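FYI, it's all coordinate maths here, none of it is from the lab. Note that the coordinates shown come from a computational prediction; the quantities given were computed from them, not determined experimentally. Note that each Cβ is placed from the backbone with ideal geometry, even for glycine, and that neighbours are counted across all protein chains shown.
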Amino acid sequence: MYKNLAGRAVLAWAAACFLSPAFSQPQASKEPLKIGFVYVTPVTDAGWVRQHEEGRKAVDAALGGKVSTTFVENVPEGADAERVIRDLAQQGHRLIFTPSFGYMEPTLKVARDFPGVKFESITGYKTAPNVAAANARYYEGRYLAGIAAGRMTKTNVAGYVAGFPIPEVLQGINAFTLGMRSVNPDAKVVVVWLNEWFDPPKERDAAMALFNQNADVIAFHTGSTAVMAAAQERGKLAVAYHSDMRKIAPDAQIVAVTHQWGGYYTERARAVLDGSWKSGNVWGGVKEGMIRVGDFGSKVPKAVQQEVLARQKDIAEGRLQPFRAVAADVRDNEGHVVIARGAHLNDEQILKINWLVEGVQGRVGR
């Protein structure tokens with residue numbers, strides 16, 4: 001659902017290119033721009049889809065009567081996605097957002113038949129003249145959450161409930177572990193793979209199994225709030241993902257890594273309205289406002305909150321790179337050097353990560 005691959009440009013570059021006046025052809029019709037969103041799960045109170053729904057609402061709030069937005073929820077990846085995307089295009093939607101990795105190929109297929117419609121493949125990586133791709137640097141937030149987890153753990157064991165062993169998920173696990181061990185060198189991270197993006201019972205069971213293995217703080221890369229609820233039930237600590245989840249886990253949440261899509265969605269809608277839309281790739285993070293860490297829980301000391309926020313500012317201003325080896329080589333959990341001391345991974349290398357860093361217990365996909 002959230003896979004990243006190589007070939008993305010940073011948001012600032014993309015915004016400049018996408019919104020070039022040279023491509024401006026103001027829309028002649030005074031009818032509102034119809035915008036469609038396709039969601040891979042139901043719209044819940046928190047989670048992946050919730051953040052995209054908040055993005056849709058931001059478009060409505062910013063552009064008012066210039067746009068008319070709608071969404072279709074709980075659409076499985078594959079044939080059903082193609083049918084829904086095609087229906088939206090046939091119904092006159094001129095801009096369609098498809099925020100799930102498994103929607104990439106159906107989006108491209110439909111786009112070939114509707115060259116006058118603009119498509120935004122969120123978490124996809126393939127583009128076409130009328131298909132743009134965008135994603136966020138989730139790993140930056142994961143590193144920051146790891147710092148909080150490293151400060152808060154008492155057992156030095158964190159759990160991680162993971163969806164699929166794709167580069168984006170591996171980036172997150174590794175960045176979380178590096179952040180955790182930057183303040184707590186004795187910390188380790190135990191991973192459970194689900195091979196599911198959204199299965200609340202399985203997510204809950206995995207969390208409970210990790211707590212039984214001495215984990216007292218947990219993170220996850222799945223689509224529901226089940227892990228947070230499990231932490232609340234067991235009296236453990238947890239890192240919220242996608243959304244602030246303090247309503248579900250008021251005592252358990254230590255911090256939230258949230259995704260902010262409203263700004264990007266609004267700018268892309270404006271570009272269609274003024275005729276400046278063009279295809280491209282975006283990969284934005286903390287600096288661009290697409291990733292934010294905060295929403296600290298009541299158990300987190302002020303000193304820890306301030307430390308995390310200071311490191312977030314360092315990332316935004318380019319002083320901190322999660323995948324840079326500063327004092328020593330960074331090794332994978334099989335002992336191989338993956339980042340030499342003084343070096344850092346470039347975007348292409350980050351987008352192809354297929355290893356787990358030292359400190360992680362488990363193997364890729366197992």
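The H on the amide N of T41, modeled in the peptide plane, is under 5 Å from the matching H of N74, V75, each at least 5 residues off or on a different chain.
In what sequence, highest mean first, do 138-149, 172-183 appear when ranked by Cβ atoms within 10 angstrom? Please report the intermediate quantities before stating the final value.
Numbers: 138-149: 28.7, 172-183: 25.3.
The densest-packed peptide leads the list: 138-149, 172-183.
If N is the number of residues in region 266-366, what value comes out of its Cα radius of gyration divided by 2.2 N^0.38 Å? Walk me through the numbers before you get to the answer.
Working: Rg = 18.3 Å, N = 101, 2.2 N^0.38 = 12.7 Å.
With N residues counted in region 266-366, Rg over 2.2 N^0.38 Å equals 1.44.
Of all DSSP bridge pairs formed entirely within the chain, close to 15 percent run antiparallel.
Taking the Cα atoms of region 75-119, the ratio Rg/Rh between the radius of gyration and the Kirkwood radius comes to 0.91.
Against the main long axis of the alpha-carbon atoms of the chain, helix 302-316 sits at an angle near 50°. Could I have the simple spin-label model distance between D314 and Q90, label points 7 Å from Cα toward Cβ, reported in nm to one decimal? Output for this residue pair reads 5.5 nm. When the alpha-carbon atoms of region 323-366 are used, the pair Rg, Dmax equals 10.6, 31 angstrom. From helices alone, the chain scores -11000 deg cm²/dmol at 222 nm; the rule is -39500 (n - 2.57) for each run of n ≥ 4 DSSP H residues, then divide by the residue total. When the Debye formula is applied to the Cα atoms of region 129-202, each taken as the same point scatterer, what base-10 log of I(q)/I(0) results at q = 0.18, 0.23, 0.26 Å⁻¹? Calculated log10 I(q)/I(0) at the listed q: -0.73, -1.01, -1.14. Our summary of shape: the Cα atoms of region 48-200 have principal axis extents of 56, 33, 30 Å, ordered from largest down, in whole angstrom.
What is the distance in Å between the Cα centroid of region 186-221 and that of region 303-366? Answer, in whole Å: 21. Restricting the calculation to Cα atoms, region 53-142 shows an Rg/Rh of 0.97 when the hydrodynamic-style radius is the Kirkwood one. Using only Cα atoms, find the angle between the long axis of helix 48-63 and the longest principal axis of the chain, and express it within 0 to 90 degrees, rounded to the nearest 10. It works out to around 40 degrees.
Arranged from highest to lowest average of other beta-carbon atoms within 10 Å per residue, in what order do the peptides 41-50, 315-324 appear? Could the numbers behind the result be given before it?
Values: 41-50: 19.6, 315-324: 16.1.
Taking the mean over residues of other Cβ atoms within 10 Å, the ranking is 41-50, 315-324.
Just order 293-304, 259-270 by mean Cβ neighbour count inside 10 Å, highest at the front, would you?
Details: 293-304: 15.2, 259-270: 21.2.
Highest to lowest by the protection proxy: 259-270, 293-304.
For K126 and K66, calculate 0.36 nm times their separation in residues minus their Cα-Cα distance, and state this gained length in nm to one decimal. Walk me through the numbers before you get to the answer.
Numbers: separation 60, 0.36 × 60 = 21.60 nm, distance 2.91 nm.
Stretched out fully, the K126 to K66 stretch lengthens by 18.7 nm.
Once the chain from K352 to T155 is taken as fully extended at 0.36 nm per residue, the excess over their C-alpha distance is 67.7 nm. If only the Cβ of Lys and Arg carry +1 and only the Cβ of Asp and Glu carry -1, the dipole of region 209-345 around its Cα centre is close to 220 debye. Here the 3J(HN,Hα) profile of region 258-273, calculated from phi with Karplus coefficients 6.51, -1.76 and 1.60 at θ = phi - 60°, is 10, 9, 10, 9, x, x, 5, 4, 5, 5, 5, 5, 4, 5, 5, 4 Hz, Gly and Pro shown as x.
Below 8 Å between Cα atoms, with a sequence gap of 6+, how large is the relative contact order for the chain in percent?
Working: 851 pairs, mean separation 78.0, N = 366.
That works out to 21 percent.
In region 118-166, the C-alpha radius of gyration followed by the widest Cα-Cα span (Dmax) gives 16.7, 52 angstrom. Taking amide H positions as modeled 1.01 Å from N, with prolines and chain starts lacking one, the residues under 5 Å from V282 and 5 or more places away or on another chain are A9, A133, A134, N135.
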